[in-house]
Amino acid sequence: MTVTHHVRVYRSEEELARQDQLAWKIAEVATDDVALDADVVEMIINRIIDNASVAAASLNRAPIMASRAQALAHPVSRGGRGATVFGLDGAADADDEPTLASPEWAAWTNGVAVRELDYHDTFLAAEYSHPGDNIPPILAVAQHVGADGRAVLRGIATGYEIQMDLVRAICLHRHKIDHVAHLGPSAAAGIGTLLGLDTETVFQAVGQALHTTTATRQSRKGEISTWKAHAPAFAGKLAIEAVDRAMRGQTSPSPIYEGEDGVIAWMLDGPSAAYEVPLPAPGEAKRAILDSYTKEHSAEYQAQAWIDLARKLHGQHSELADPANVQSIVLHTSHHTHFVIGSGANDPQKYDPTASRETLDHSIPYIFAVALQDGGWHHVDSYTPERAGRADTVALWHRVTTAEDAEWTRRYHSEDPDEKAFGGRVEITLTNGERIVDEIAVADAHPLGARPFAREQYIRKFRILAEPVLDAAEIDRFLELVQRLPELTAAEVRELNIVAGVGVLDPAVPQGLF
């Protein structure tokens, strides 16, 4: 049974035993070698496929090209064999030069590839998260040290569990701290499980990972930059480095969460704050991954249900595509959707047709307008400057606003999975005075949605996104391999990669310092 831990700030003169610190309790979960449930194993495989899907579609985008060049500029460290880089054959390149990277750099570029399109899994509670961001650092370390498939599964289960449990309890965005502050500790914990480290070592790694991965949310505010894709990859890279230091006997700031000058006191709710953090009890299976959900559309998760509703309205009311017929569109929704990706953010960039892809991805007025006109969403075509700048789209887009609705906010924060919702109610007023009202609670692909994702849908998503990039034989090879994950040998884990077809990768190498 899950144990809820009361976490508060302690003055320096107060005694807080190491075993009572949240970082230690996280480490205890990581070092609790419990069996994996079959449905958890199945979902981990689904999410590795999901990550590979969105990474494949990103391989020639500028952030991935830059991060890949950085990774390959660093030699493989001497402590292991290195890790594979998405898109490259891990055996050798055309000049018989190895294309492996040191694990922290492989985690870096692979993490950027996974995150770039904002198209993989999500979990939303007190905080936001993309728990699939745990997979690149854990898999990179596994390949480097020669871990087998079963160890990979255990590590990923821990990464998901810790990040999602922190997300359930501790809000970061209210204090303008980026959500990757929960990812650093979870990735460190997952790597600790993978490697079979002791509780003391994982405790030190978790503390260091948290200490080094706290940053402001400006990366997701205003004109959103390419750093949005780099932020979780950076957290994964720092988690690997934190584990390395902890394994060498180096210690971390303590108590990192509860200290008088710690994260809670000065970055979160302050010296009088307290949180109730749920973690698995000793011997309890790690099942958090089953509460997360992936994306059918390449957009911010809170946009998923709205795209599906716009797609439905497009089919029922074709007149809505013409702004001449529409006086106003109001999306009544949760506090988060209104203030983060809606008009409540007061970001003029969310209505700017020249805004970056990253910014448009966080503009629900733009997303709803385009989906309403097109009857769907495409991970590339829906974001092009030509699409964003179309006159009729701009006119419709500027008629879309959001409003917070207390009931949708309550449902957004509900702890009951059958009630939790991420959508809202749309009220459309036509120029002829008619009104169209409809609503949606969860995306079609959500476990409670109209068309929940299962293995078939994950494979279909992978094939659609990978076909322009990978040869058919490579697609089949990867899918056959990953679906045997529980039985993979260390050598087979090193092949758990996607290799681009000949001539597919852009040969340009962005130049930097390295």
Quiz item: Within the stretch 425-444, restricting attention to residues that are of a type in the set (Asp, Glu) and within 21 Å of Leu320 (Cα to Cα), which residue is farthest from the chain's Cα centre (by Cα)?
Solution: Glu434
Quiz item: Thr109 fails exactly one of the following numbered conditions: (1) surrounded by fewer than 24 Cβ atoms within 10 Å (Cβ to Cβ); (2) within 15 Å of the chain's Cα centre (by Cα). What is the number of that condition?
Solution: (1)
Practice problem: Could you tell me whether Ile256 is β-branched (Val, Ile, Thr), over 30 Å from Pro365 (Cα atoms) and modelled with pLDDT of 95 or more? | Solution: yes
Exercise. From Ile329, Ile307, grab the single residue that is among the β-branched types (Val, Ile, Thr), on the phi < 0 side of the Ramachandran plot and either in the same structural domain as Ala125 (by TED's automatic domain parsing) or part of a helix (DSSP H, G or I) (or both).
Key: Ile307
Quiz prompt | Meets criteria (within 14 Å of Ala299 (Cβ to Cβ) and within 22 Å of the chain's Cα centre (by Cα)) for Phe422 | solution = yes
Quiz prompt | Positions within the stretch 380-439 being more than 20 Å from Glu319 (Cα to Cα), charged (D, E, K, R) and crowded, with 17+ Cβ neighbours inside 10 Å, in sequence order | solution = Glu404, Asp405, Arg411, Lys420
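Going by the conditions given, is Glu28 surrounded by fewer than 14 Cβ atoms within 10 Å (Cβ to Cβ) and among the acidic types (Asp, Glu)?
no
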Exercise. Return yes or no: is Arg47 among the basic types (Lys, Arg), within 19 Å of the chain's Cα centre (by Cα) and surrounded by 21 or more Cβ atoms within 10 Å (Cβ to Cβ)?
Key: yes
Self-check item: Pairs with Cβ under 7 Å, 6+ apart, first in the stretch 196-223 and in the same structural domain as Gly342 (by TED's automatic domain parsing) and touching a residue at least 60 places away in the same chain (Cβ under 8 Å), second surrounded by fewer than 16 Cβ atoms within 10 Å (Cβ to Cβ) and among the β-branched types (Val, Ile, Thr)
Solution: none
Exercise. Go through (1) assigned by TED's automatic domain parsing to the domain that holds Thr393; (2) of a type outside the set (Val, Ile, Thr); (3) part of a loop (DSSP other than H, G, I, E, B) one by one and return the number of the condition Gly270 breaks.
Key: (1)
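The values are calculated or read from the model by the stated rules, or taken from the named source; none is laboratory data. Every value quoted in this text rests on a predicted model; they were computed, and no experiment measured them. Please note: Cβ atoms are built from the backbone with ideal geometry, for glycine as well, and neighbour counts cover all protein chains shown.
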